[in-house]
Every structure is written in structure tokens, then in C-alpha cells.
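This report refers to the structure that appears directly beneath it.
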Amino acid sequence: MGEVERIVRQNILYDFYGELLTEHQRQIYEDAIFNDLSLSEISENYGITRQGAHDVIKRCDKALSGYEEKLHLIERFENVRGYAKELKQVIAALGGKQPAGAVNSTDQQEIRQALELIERILNGI
């Protein structure tokens, strides 16, 4: 995994599971990952050693990864997003087609409204 992918993964893990870390861990992790502070700066700010700051960050990474291994929330979220995208493509394809058989304009209107409602729901996912 490249550096960019690692950083993106850390951000996603933190978005989903960051609240499960202690306040102290969150502060140090945010300073390291989001505020791009060095270990020296973190150690000065929190009165800990550079090694202590490094250990906290590594423990946070391990904990966040462990939560995903157990709960699979990110995996499920990505699956739902994929399904929503597929459904939007189906809606777009159906939106331009005329229903088979004799369907009156009221039925066509209801079908269009139903497709629009489904699309709004999917946009909310």
C-alpha cells in the first residue's frame, strides 16, 4: 500500500471508529495524522517522550484496524454505496424507456414519481 493509500485508509478508519479512542489518544492521533505535527512537537505538547508519542499513534492505528476487522462497518458502507450506484444506473436507464404494454399517462406519471423517490432515497445513503 502506497503512502497516499495509507493516509486515506487512516482517515476513513478514524472517521468510522475515532470516537472509540480515548480523548488523549484522539488528540495525539489528530495532531499526528491531520495536523501533521512531528513526534517531537507532539512530545513537547503532551509532555511525553517521542517514543511515547510514536507508541500512542501505532496503538491507535492497530486499534482502528482491529475495530474494522471485527465490525466491518467500512466494508458494509462501501457495499451499500456500490449497490446505490448500481440502482441509480438502473433508474437512469428506466427513466428514458416507455413501460411495456398499454400504460396510461397517469401510470407513467406514477412510475416516474416512484423512480424519482427511489433516487432521492439513494442520494441520502
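Nothing in this text is a laboratory measurement; each read-out follows from the coordinates by a stated rule. Since the structure is predicted, the reported quantities are computational estimates derived from the model, not experimental observations. Counting neighbours? That spans all protein chains shown, and the Cβs are built from the backbone with ideal geometry, glycine included.
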Long-range amide H partners of L37, meaning residues 5 or more apart or on another chain whose placed amide H is closer than 5 Å, are A32
Gyration tensor on Cα atoms of region 3-71, a ≥ b ≥ c root eigenvalues, a/c under 1.5 rounded, else prolate if a/b beats b/c, else oblate, says prolate
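Can you give the translational diffusion coefficient of the chain in µm²/s, computed by Stokes-Einstein from the Kirkwood radius over Cα pairs at 25 °C and 0.890 mPa s? Write out the running numbers ahead of the final one.
Details: Rh = 18.1 Å.
Estimated via Stokes-Einstein, D reaches 135 µm²/s.
Suppose R0 equals 25 Å. What FRET efficiency, 1/(1 + (r/R0)^6) with r the Cβ-Cβ distance, do E116 and V80 give to the nearest 0.05?
For E116 and V80, the calculated efficiency is 0.80.
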